[in-house]
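Below is one structure, written out as structure tokens, with a few remarks after it.
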Amino acid sequence: MPTKPKILIILGPTAVGKSDLAVELALEFNGEIVSADSRQVYTGLNIGTGKITTEEMRGIPHHMLDVVDPSQRFSVIDYVKQAERAITDILSRNKLPIICGGTGFYIQALIDGTLFPDIGPNPELQKELAGKSVIELASILKKLDPAKLSSMNESDSKNPRRLIRAIEIATALGSVPPHTPDKHVSLYEPLFIGLNVEAELLKERIRARLLKRIDVGMVEEIKNLHATGLSWERMDELGLEYRYIARFLQNQMNKGDIIRVLHTQIWHYAKRQMTWFKKDTRIKWFTPDQKQDITNAVKTFLT
RNA sequence: GCACGGGUGGCAGAGCGGUCAAUUGCAAUGGACUGUAAAUCCAUCGACCUAUGGUCUACGAAGGUUCAAAUCCUUCCCCGUGCA
């Protein structure tokens, strides 16, 4: 049985300093970086997503950045497909793939080889279901696949988006296939390195980074994106800086509120990221000042 | 000084005699997540308890009316606006 290739994963909440660490490790261990960020895949979303600059890359190749136009929809499936291709390519050159990012869902799907039902979005059906209440959606799903509905937890069964997706799959397949973790095909041997700092410090970092982004022209970036055709609606979907600055540019929000609101929204996001990561016991957690410990952990892992 | 309007839980802001520990939004805290994931959604949110119920403390302060007050009356304190 061939051994699985080793792969390094750097994850953690937004603004902890993952990118820097990834570059340093890449330099030290002959690696290349594969981003795992659901917003950095889009071209033109630079300042607002905190995308690494060419200079900051220090010569290390980065993959999964700028792979789609922001007007297009991108999904986990797209991500996994393309990221796998990048990883194969990196491995073929005998380099270490380093996954770096904060989108837990993408990382999990990629590393654990989650199998998704091969059912794409059904725009007509989505349109038809769009205005329906949670109650209505639930009863539609109940007719199609009662088992699925009763297996959904309190939160999902009240979540229109999840309900619609289930209906979408059930409409195509007759029912929604249950999750079968044992069917997952993990292609790699992963080392998960989690980077985090204490809450108050993370809040400070988020604020400082936000102010800096505004300073270097984030509002301009967003203005230009709209000028070149990216709709306000799409920006709203993109979330955080794109959502709230778009609202500001549409005069739905005061300048004075923007920092305050965005700061707490980004903080909420960081917390959501952490509730995702907390569940994964494979992650070894470090603070950014534990560089030496991290290096040692990677060394051990690679030998 | 006079005349109005107002003082409600961390904030904003409903309620205007009983069903009010007090609608709602925000914040806070915890959580969910298998093709939108920076998205979307859920729960808790005065204190204490022998906890699908009970006790206590709460709606600027102090009194009063009432079986019953955040809700009515009186006085006081504070804030906003108008007239002096």
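Here, each number is a calculation from the coordinates, and none is a lab measurement. Everything numeric in this text was worked out from a predicted model, so none of it was measured. Cβ placement follows ideal geometry from the backbone for every residue including glycine, while neighbour counts extend to all protein chains displayed.
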Interchain or sequence-distant (5+) residues whose placed amide H lies within less than 5 Å of the amide H of A:H63 are A:I33, A:V34, A:S35
Mean 1/r over all different Cα pairs, inverted: what Kirkwood radius does chain A give, in Å?
21.1
Which residue fluctuates most in the GNM of chain A (Cα springs below 10 Å): A:N94, A:N159, A:N196?
A:N159
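Looking at the square roots a ≥ b ≥ c of the eigenvalues of the Cα gyration tensor of the stretch A:17-110, which shape do they give, rounded for a/c under 1.5, prolate if a/b is larger than b/c, or oblate?
Oblate is the answer for the stretch A:17-110, as a/c is 1.5 or above yet b/c matches or exceeds a/b.
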Treating the beta-carbon of each Lys and Arg as +1 and of each Asp and Glu as -1, no other charges, what is the dipole magnitude of chain A about its Cα centre, to the nearest 20 debye?
480
From the backbone phi of the stretch A:72-82, what are the Karplus-calculated ³J(HN,Hα) couplings (6.51 cos²θ - 1.76 cosθ + 1.60, θ = phi - 60°) in whole Hz, Gly and Pro given as x?
8, 8, 10, 10, 3, 4, 4, 4, 4, 4, 6
Expected unfolding gain across A:E204-A:L302 under the 0.36 nm per residue rule, minus the alpha-carbon gap, is 31.8 nm
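With a cut-off of 8 Å between alpha carbons and a minimum separation of six or more residues, what is the relative contact order of chain A in percent?
Averaging sequence separation for qualifying contacts and normalising by length gives 26 percent for chain A.
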To make sure I understand the rule: partners must be lysines, Cα under 23 Å from the Cα of A:K95, and not fewer than 8 residues away in the same chain. Which ones qualify?
A:K4, A:K6, A:K18, A:K51, A:K81, A:K284, A:K291, A:K299
How would the stretch A:183-270 be classified by its alpha-carbon gyration tensor: rounded, prolate or oblate, with rounded meaning a/c under 1.5 and the a/b versus b/c comparison settling the rest?
oblate
When a/c reaches 1.5 or more, the comparison of a/b and b/c decides; with that in mind, is the stretch A:73-145 rounded, prolate or oblate per its Cα gyration tensor?
prolate
Under a GNM of chain A (C-alpha, springs under 10 Å), which listed residue has the highest mean-square fluctuation: A:D69, A:D156, A:D78?
A:D156
Can you tell which of A:A166, A:I111, A:L96 lies farthest toward the positive end of the dipole of the stretch A:42-200, using +1 and -1 charges on the Cβ of basic and acidic side chains (Lys, Arg; Asp, Glu)?
A:A166
List the residues whose amide H sits under 5 Å from the amide H of A:G50, counting only those 5 or more places along or on another chain, with H placed 1.01 Å from N in the peptide plane.
none
Could you list which residues have their amide H under 5 Å from that of A:L195, counting only those 5 or more apart in sequence or on another chain, with H placed in the peptide plane?
A:L11, A:G12, A:F286
Highest average packing first - A:16-22, A:55-61, Cβ atoms within 10 Å
A:16-22, A:55-61
Tell me, what ³J(HN,Hα) does each residue in the stretch A:139-152 have, in order and in whole Hz, if you take phi through Karplus 6.51 cos²θ - 1.76 cosθ + 1.60 with θ = phi - 60° and put x for Gly and Pro?
6, 5, 5, 4, 5, 6, 8, x, 5, 4, 4, 6, 7, 6
GNM on chain A, Cα springs under 10 Å; top mean-square fluctuation among A:K212, A:K271, A:K158 goes to A:K158
Debye, to nearest 20: dipole size of the stretch A:228-303, +1 on Lys, Arg Cβ, -1 on Asp, Glu Cβ
280
